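S.K.: Dropping a structure here in structure tokens format, bear with me for questions.
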Amino acid sequence: MKEDRFAACLLGQAIGDALGMPFEFMSSGSISARHDQVVEFLPSRELATGQYTDDTKMMLCIAESIVEKGHVNPEDIAERFVAWFDTGDLRGIGNTCLESILNLKSGASWQNSGSRGKWAAGNGTAMRIAPVGLLDCQDLERLRKDCWSTSIITHNNPEAVAGATAVAYVIARLVTGDLDEETLLADSADFVGESEVARNLIKAQGLLSSNTPTEEALARLGTSGYVVETVASALYCFLRTPADFVTTVSSAVMGGGDTDTTAAVAGAISGAYNGLHNLPAHLVEQVEGSERLQQLSRAIYYLARSKKEL
């Protein structure tokens, strides 16, 4: 368990999010017509260069709650989602998160606020789960429970929970250094169990084994806001270039669709594997809230270490 991997995980998410932000909902073809790669921050109509979206804003709510409470406290996390909502700085909040936070504001408990049904199988849980993977890296059963409790606040859907659990599991195993890249997809599918998330991870393994180019693989795995697609595509980008953070996140952006979220998840995973020294220093410096992200990651590292020592 290395501290710099904790920092790189949270920073990697923010960097991926900010790189993907200007291209959200664009097609892969439209992006590739303008860029061979996306390796520098660009502004959008709503956000400035280096700013991240609601993906990282919601991740920060979880990270800050963990640091203050010392564990995953879904009631406190729900309150932080509401407090963030009340600032008005929503940065592209998805409909499922929006509706669920409005339920919280109307008095619903965190257990009952989350949207249900097939339309709740979005990637809004997977995009914010990285701090749980870091905190629970030594206790995978606690990780499973914490992924469920943090997910159902907004997405009370088994696929959304499975997607978040897969991402947290991969991050946990990577920061402890005990996950084999060659078995990562199969191990993740096995951990989350029977689900569409697991089936798309196994599909990704087949594409990886046949050395399918990333652009083609992402077109087949999907890059929409459906969590089943996001998790598999983000992991595919990482596994094609595990030691190359920039290529991993750029590939996620170039896939089009929900670019900020796919790149945020891919960036968190790649950061957890590569550590801070393998992230481009200028992107670390330029990304919004860099110092705060590093402070939070440091605090979560010491919490995770203390739980190991108990």
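Quick note: the coordinates plus some simple rules give every number you see, no bench work behind them. Remember, predicted model here, so these are calculated numbers, not experimental data. In this analysis, Cβ positions are derived from the backbone assuming ideal geometry, glycine residues included, and neighbour counts consider all displayed protein chains.
S.K.: Once fully extended, how much extra length lies between ARG45 and ALA108, figured as 0.36 nm per residue of separation less the alpha-carbon to alpha-carbon distance?
M.R.: 19.2 nm
S.K.: If the chain between LEU90 and GLN37 were fully stretched, how many nm would it gain, using 0.36 nm times the residue separation less the Cα-Cα distance?
M.R.: 16.3 nm
S.K.: Between LYS145 and TRP119, how high is the FRET efficiency from 1/(1 + (r/R0)^6) when r is the Cβ-Cβ distance and R₀ = 35 Å? Nearest 0.05.
M.R.: 0.90
S.K.: Here's something else I'd like to know. Rounded, prolate or oblate: which one fits the range 43-145, using the alpha carbon gyration tensor with axes a ≥ b ≥ c (rounded when a/c is under 1.5, else prolate when a/b beats b/c, else oblate)?
M.R.: Cα axes put the range 43-145 in the oblate bin.
S.K.: Counting pairs of alpha carbon atoms under 8 Å apart in space and at least six apart in sequence, what relative contact order in percent does the range 51-179 give?
M.R.: Dividing the mean separation by the residue count of the range 51-179 yields 28 percent.
S.K.: Over the chain, what is the relative contact order in whole percent, taking alpha-carbon pairs under 8 Å and six or more residues apart?
M.R.: Relative contact order here is 32 percent.
S.K.: What does the extension gain come out to for LYS2 and GLU194, with contour length at 0.36 nm per residue minus their alpha carbon separation?
M.R.: 65.9 nm
S.K.: Right, here's the next one. Going by average Cβ density within 10 Å per residue, which order do the peptides 73-85, 173-185, 235-247 take, highest to lowest?
M.R.: With the highest mean Cβ count within 10 Å placed first, the list reads 235-247, 73-85, 173-185.
S.K.: Also, quick follow-up: Could you work out [θ]222 nm for the chain from helices alone, using -39500 (n - 2.57) per DSSP H run of at least four and dividing by all its residues? Round to the nearest 500 deg cm²/dmol.
M.R.: Calculated mean residue ellipticity at 222 nm is -20000 deg cm²/dmol.
S.K.: A follow-up question, please. Looking at this model, which pairs from LYS203/LYS307; LYS105/LYS307; LYS69/LYS118; LYS2/LYS203; LYS145/LYS203; LYS69/LYS105 are more than 24 angstrom apart at the alpha-carbon?
M.R.: The pairs that break the limit, which is 24 Å between Cα atoms, are LYS203/LYS307; LYS105/LYS307; LYS69/LYS118; LYS2/LYS203; LYS145/LYS203.
S.K.: Here's something else I'd like to know. Can you tell me how the range 2-81 classifies by the Cα gyration tensor, rounded, prolate or oblate, using a/c under 1.5 as the rounded cut?
M.R.: Prolate.
S.K.: Hey, another quick one. Could you state the per residue volume, in Å³, of the convex hull enclosing the Cα atoms of the range 203-252?
M.R.: Looking at the range 203-252, the number lands at 63 Å³ per residue.
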